[in-house]
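Worksheet for the structure shown next.
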């Protein structure tokens, strides 16, 4: 739906323009039209509902169309503005250009000119939406690979809904041992598997990843793997994750699919049978991250959940211990942390249930100790200190996790993990806080428009700036400026 607001103090012009749009133009897209006979009434509409195009009379009692444009800018509202005027004035044109007016329409209104103005505005809206969706692909990939939430990425629900309109999600991955095939229309490969899919290329790990979106798991009438085998002419490992109906769980799906790929590499053809009966990645991390005095209880709970029998064979005990070890290796590999030496050793075969339990406890304790040694807390603090200084210096730029990783010569996954362990937040939280701190100073000390301030502190649009500012201050930039003026 394309939303238009007409603002004019003359009822004849107001109603005539509305009728022309709704009944005469015969546009090939849906349009809704609101009207206001004063700037104050128009401001109320702009604050209460989305508006794409404003057609505003330039000369009205008390306040004029330029006042309305200034109000929109101060409140981070970004509709297109087109001026309705009876006077072809150079001064009007100059002032309008300075304020970002898109066009002028002379009264009486010409039907063809009005159609052209509306069509052009709608085309700009579509371009902006496509550009936003494209920029959000990088954010979704970041969320997929790293432990970063949609809230931290400021992913709006309407943007997510545009990319993923259906309720269920699954992640599918293929990994090539040799050179990856050239990119082509990979999302289209899965058209017969699910109604919506988005593909991502991870060349650093030789993988293609698809986020699949569908109405329900029951609708999957064909398997994805045969479709991909037919599409690629190179051997690869295949894995599909569990399902979820929560978009926030994408990272868990990614971890799940990486675990299955890992099992395929370790156990080969027996991977499916092995992974179905052994520990899950999350189960193993629950033990690793338990308090030291709680480790024994955590391991006992884990073995009970797996229904390990005390009369199992040493071969079964050995497979269970190896599964635990491999899952910890996967955690350190995915997080791009140094894999502790103990996890790289071949483990002895437990002869009994008691030996298995003690082996898991000893392995957990040793890995924790080696991790503390490898991390070198002083070194971590120095890295974080350098990263915080880097963000304070470069917050005006379009910073990403990759930029921070390059700044200190470390891997993005490690930076993400390190930031959370040392500060309790993601790097994005600190970046937003630094930008908002500077924005507050500009709002208090300058008369810059919201668009100018948004650009100065690193945001691509006033809409994004307004959304982030509200999240961290519980008020809009305009409200903050008003509360700190005079």
* Structure fact -> Flagged in region 407-417 as touching a helix residue (DSSP H, G or I) at 6+ places or on another chain (Cβ under 9 Å) and part of a helix (DSSP H, G or I), in numbering order, are 407, 408, 412, 413, 414, 415, 416
* Asked: All but one of (1) modelled with pLDDT of 90 or more; (2) part of a helix (DSSP H, G or I) hold for residue 34; which doesn't?
  -> (2)
* Does region 156-166 contain any residue that is part of a helix (DSSP H, G or I), modelled with pLDDT of 85 or more and under 30 Å from residue 234 (Cβ atoms)? -> yes
* Just name the residue that is modelled with the highest pLDDT out of those in region 313-328 that are crowded, with 16+ Cβ neighbours inside 10 Å and more than 16 Å from residue 358 (Cα to Cα). => 328
* **Qualifying residue in region 255-277 (condition: modelled with pLDDT under 75, closer than 28 Å to residue 153 by Cα and in a helix (DSSP H, G or I))** => no
* Asked: Out of region 112-127, which residues are free of Cβ contacts under 8 Å to residues at least 24 places away in the same chain, surrounded by 13 or more Cβ atoms within 10 Å (Cβ to Cβ) and either closer than 15 Å to residue 31 by Cβ or within 21 Å of the chain's Cα centre (by Cα) (or both)?
  -> 116, 120
* Being modelled with pLDDT under 80 and more than 24 Å from residue 137 (Cβ to Cβ) is the filter; apply it to region 391-417 and report the residue that is surrounded by the fewest Cβ atoms within 10 Å (Cβ to Cβ). => 409
* Structure fact -> Matching residues in region 441-468 (in contact (Cβ under 8 Å) with a residue 40 or more places away in the chain and assigned to a helix (DSSP H, G or I)) number 13
* Taking interchain pairs and intrachain pairs at least six residues apart, which have beta carbon atoms under 7 angstrom, with the first residue in region 291-317 and touching a residue at least 24 places away in the same chain (Cβ under 8 Å) and not assigned by TED's automatic domain parsing to the domain that holds residue 365 and the second surrounded by fewer than 10 Cβ atoms within 10 Å (Cβ to Cβ) and outside any helix (DSSP H, G or I)? -> none
* Asked: Give me the pairs: first residue in region 42-54 and closer than 12 Å to residue 67 by Cβ, second residue modelled with pLDDT under 90 and not in a loop (DSSP other than H, G, I, E, B), beta-carbon distance under 8 Å, and six or more apart or on different chains, which are they?
  -> 42/56; 42/68; 43/68; 43/71
* To do: Could you identify the single residue in 69, 109 that is outside the structural domain of residue 462 (by TED's automatic domain parsing), over 25 Å from residue 469 (Cα atoms) and either surrounded by 15 or more Cβ atoms within 10 Å (Cβ to Cβ) or modelled with pLDDT of 90 or more (or both)?
  => 109
* Just one of the numbered conditions (1) in contact (Cβ under 8 Å) with a residue 60 or more places away in the chain; (2) in contact with a helix residue (DSSP H, G or I) (Cβ under 9 Å, 6 or more places away or on another chain) is not true of residue 201; which one? -> (1)
* Selection within region 55-81 - free of Cβ contacts under 8 Å to residues at least 40 places away in the same chain and on the phi > 0 side of the Ramachandran plot -> 62
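The values are calculated or read from the model by the stated rules, or taken from the named source; none is laboratory data. Bear in mind that the values here come from a model prediction, so they are computed numbers and not experimental data. All Cβ positions, glycine included, derive from the backbone under ideal geometry; neighbour counts span all protein chains shown.
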